[in-house]
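Structure first, commentary second.
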Amino acid sequence: MKSGNARSKIAGTAAFAFAALFAGTALAEGTVNIYTYRQPELIQPVLDAFTAETGIKTEVLFLDKGLEERILAEGQNSPADVIMTVDVARLTTAKDKGITQPLDDATINANIRPEYRDPEGNWFGLTKRARVIYASKDRVKDTAISYAELADPKWKGKICIRSGQHDYNLALFGAAIAHWGPEKTEEWMKGLRANLARKPEGGDRPQAKAIASGECDIAIGNTYYVGLMRTNEKEPQEKEWGNAINVIFPTWENGLTHVNISGAALTKYAPHRENAIKLIQFLSSHEAQKIYAEKNFEYPVEPGLEPSPVVKEFGQLNADTLPLVEIAKNRKAASEMVDRVGLDDGPAN
């Protein structure tokens, strides 16, 4: 795992290299330029497959923050063709900032169901991930836990999470607001804070580590991290973390589990527009969906396409039907609620 500082250095180095690549030269025609919040190693397999099929090369600029502001600052001279990111709120933010353009493409629309794309064609969901409960195999006998039950005093001192201000948690809290309303969600969040074992910190994988070490019994995390941990041959300790937990699909009152997406958008001034459209078409294709499922352990958005065998072992995902745009609309309210409740301050005395 790379620290935030390390990621920033990588991002800075990548930005310099990317700028140098195009400085004083014409943009290559057989290229598509991607600005992304996604870790490059997670998208490289599908980009390699795209190049193998089309002959179009991909240039990737990874940023851990400020992607939208960078494209705004570059304006009409931006080399960015496609934005690839996680979290529906980031996709809607890109649209709201005016750095995307609508795309009405029959192939993409046929591949991606309406609930996983912007009604006006400004972004497209490529994969799904569920926000689930990691539970200790040794200490948690429960096989079903609802989102509401995370505030149950039975879990006092036993829950670990990453920062409440992280995109993944803000989306979950935004979904809670949509399901329960702000007042009930705030009371629930107070109960969640009271049940924390420690101050929120780290990413999703460190929450599994904390469970393995006995620091907490349950945690909130995304499904695909479990697959990445359990198959990590380079870092055996991560395999231990992944194998120390069970995945429980929590549900709302409708019996469904919160999901978020990764996605892509065509930039407003894409200099290689046709290549960019070909890339998004490919990312929505059956071949690319299979690669995402098998290599990244994400759920494909293609109807009927099975997840990887590792992910299937988690059990059946019944994805919430709440419109993603509703979740994104609640992001600001969720963020303000996290501060108001003091969630990131850790367990209340």
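The values are calculated or read from the model by the stated rules, or taken from the named source; none is laboratory data. All values reported here derive from a predicted model rather than from experimental measurement. Glycine also receives a Cβ, built like all others from the backbone with ideal geometry; neighbour counts cover every protein chain displayed. Accessible surface areas use protein heavy atoms only, side chains included; no ligands, DNA or RNA. Shrake-Rupley method; radii C 1.70, N 1.55, O 1.52, S 1.80 Å.
Glu253 passes every criterion in (1) farther than 23 Å from Asn318 by Cα; (2) modelled with pLDDT of 95 or more; (3) among the acidic types (Asp, Glu) apart from (1). Being loosely packed, with under 15 Cβ neighbours inside 10 Å, without any contact (Cβ under 8 Å) to a residue 40 or more places away in the chain and over 20 Å from Leu42 (Cα atoms) is a property that Glu74 lacks.
So, in segment 294-318, how many residues would count as being free of Cβ contacts under 8 Å to residues at least 24 places away in the same chain, within 29 Å of Val32 (Cα to Cα) and either assigned to a helix (DSSP H, G or I) or out of contact with any helix residue (DSSP H, G or I) (no Cβ under 9 Å at 6 or more places or on another chain) (or both)? Summing the residues that are free of Cβ contacts under 8 Å to residues at least 24 places away in the same chain, within 29 Å of Val32 (Cα to Cα) and either assigned to a helix (DSSP H, G or I) or out of contact with any helix residue (DSSP H, G or I) (no Cβ under 9 Å at 6 or more places or on another chain) (or both) in segment 294-318 gives 1. The set of residues in segment 296-338 being among the β-branched types (Val, Ile, Thr) and open to solvent by 20 Å² or more (accessible area, probe 1.4 Å) consists of Val310, Thr321, Val325.
Of all residues in segment 61-86, those that are within 24 Å of Gln289 (Cα to Cα) and out of contact with any Lys or Arg (no Cβ under 9 Å at 6 or more places or on another chain) total 1. Residue check: is Val301 within 14 Å of Arg131 (Cα to Cα), within 16 Å of the chain's Cα centre (by Cα) and among the β-branched types (Val, Ile, Thr)? Judged against the criteria, Val301 is not a match.
Identify, please: which residue in segment 229-250 is open to solvent by 30 Å² or more (accessible area, probe 1.4 Å) and hydrophobic (A, V, I, L, M, F, W, C) and is, among those, farthest from Phe314 (Cα to Cα)? Filtering segment 229-250 for residues that are open to solvent by 30 Å² or more (accessible area, probe 1.4 Å) and hydrophobic (A, V, I, L, M, F, W, C), the one farthest from Phe314 (Cα to Cα) comes out as Trp241. Where helices (runs of 4 or more DSSP H) fall entirely within segment 163-215, those with at least 2 residues that are farther than 21 Å from Arg139 by Cβ and touching a strand residue (DSSP E or B) at 6+ places or on another chain (Cβ under 7 Å) are at 167-180.
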